[in-house]
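Enquirer: I am attaching a structure below and will ask some questions about it afterwards.
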Amino acid sequence: MKSKNLSPKRPKNENDVPSTVEMFKELQASINSHFMAIDSRFDSMDKRFDSLRSEFKSEIHEVKSEIHAVNSKVDLLKSEIHEVKSEIHEVKSEIHEVKSEIHEVKLLNEEQNARNKFVIDQYVNVYEEQRDLKSRIEKLEADNG
């Protein structure tokens, strides 16, 4: 077997520095420190996100409650609108009944006017005949008298 040379190697060029276990430990400690700082920042960001998530959930719940309240009001308005429509239909029905009665009264009025005209015409005829008869009686009395 060949024996191993345990002495440190010389750098190939003058800018190279031989590494030691201590240097690696320091590097590892430095990297661990940076990772811990990053982990700490992530933890604080996680807490912040959790807080924001909680706030958003609360606001979403509040908005849903407001939407539910608005929907209830809309449903109430729809119900009231249906009631008003029903009342309008009733009023329209009553208006149609009144119009029908008005037309009936107009027809009865026209019939009565036609009867009245006939009666007046007959009255005029009787009156003229009576006048003629009276005139003839007066003439006869004047001639006889």
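Enquirer: Give me the dipole magnitude in Debye, nearest 20, for the chain about the Cα centre, with unit charges on the beta carbon: positive for Lys and Arg, negative for Asp and Glu.
Expert: Here the size comes out at about 2240 debye.
Enquirer: If you don't mind, another one. Please turn the phi angles of segment 52-68 into ³J(HN,Hα) values with the Karplus equation 6.51 cos²θ - 1.76 cosθ + 1.60 (θ = phi - 60°), one per residue in order, whole Hz, x for glycine and proline.
Expert: Each residue's phi maps through the Karplus curve to give 4, 4, 5, 4, 4, 4, 4, 5, 4, 4, 5, 5, 4, 5, 5, 5, 4 Hz.
Enquirer: Which entry in [x] 1.18; [y] 2.01; [z] 1.09 matches Rg/Rh (Cα atoms, Kirkwood Rh) derived from the coordinates of this structure?
Expert: Comparing each candidate, only [y] matches the computed number.
Enquirer: Okay, moving on. Roughly what would the spin-label model give for R136 and S93, points 7 Å off Cα along C-beta, in nm?
Expert: So the two model labels end up 6.6 nm from each other.
Enquirer: With Cβ to Cβ distances under 13 Å as the rule, what net charge do the other residues near Y123 carry (K, R +1; D, E -1)?
Expert: In short, 0.
Enquirer: At 7 Å along the Cα-to-beta-carbon direction for both D43 and E83, put a label point, then send me their distance in nm to one decimal.
Expert: 6.2 nm
Enquirer: Carbon and sulfur: what percent of the chain's accessible surface (1.4 Å probe)?
Expert: Carbon plus sulfur share of accessible area: 57 percent.
Enquirer: Subtracting the Cα-Cα distance from 0.36 nm times the residue separation, let me have the gained length for N32 to D143 in nm, one decimal.
Expert: On the way: separation 111, 0.36 × 111 = 39.96 nm, distance 16.02 nm.
This chain segment gains 23.9 nm when fully extended.
Enquirer: Show M36, M45 ordered by accessible area, largest first, where the area counts protein heavy atoms only and the probe is 1.4 Å.
Expert: M36, M45
Enquirer: Choose one of L77, H89, V124: the residue whose Cα lies farthest towards the positive end of the charge dipole of the chain (beta-carbon charges +1 Lys, Arg; -1 Asp, Glu; about the Cα centre).
Expert: So the residue we want is L77.
Enquirer: I would also like to ask the following. Sum up the charges of everything whose Cβ sits under 11 Å from the Cβ of I81, counting Lys and Arg as +1 and Asp and Glu as -1, but leave I81 out.
Expert: -2
Enquirer: Moving on to the next point. Measure off 7 Å from each Cα along the Cα-to-Cβ vector at N116 and K25, then give the distance between these two points in nanometres to one decimal.
Expert: Spacing of the two 7 Å Cα→Cβ label points: 13.2 nm.
The values are calculated or read from the model by the stated rules, or taken from the named source; none is laboratory data. Everything numeric in this text was worked out from a predicted model, so none of it was measured. No Cβ is skipped: glycine too gets one built from the backbone with ideal geometry, and neighbour counts run over all protein chains shown. Side chains are part of the model used for accessible areas, which takes the heavy atoms of the whole protein and leaves out ligands, DNA and RNA. Shrake-Rupley method; radii C 1.70, N 1.55, O 1.52, S 1.80 Å.
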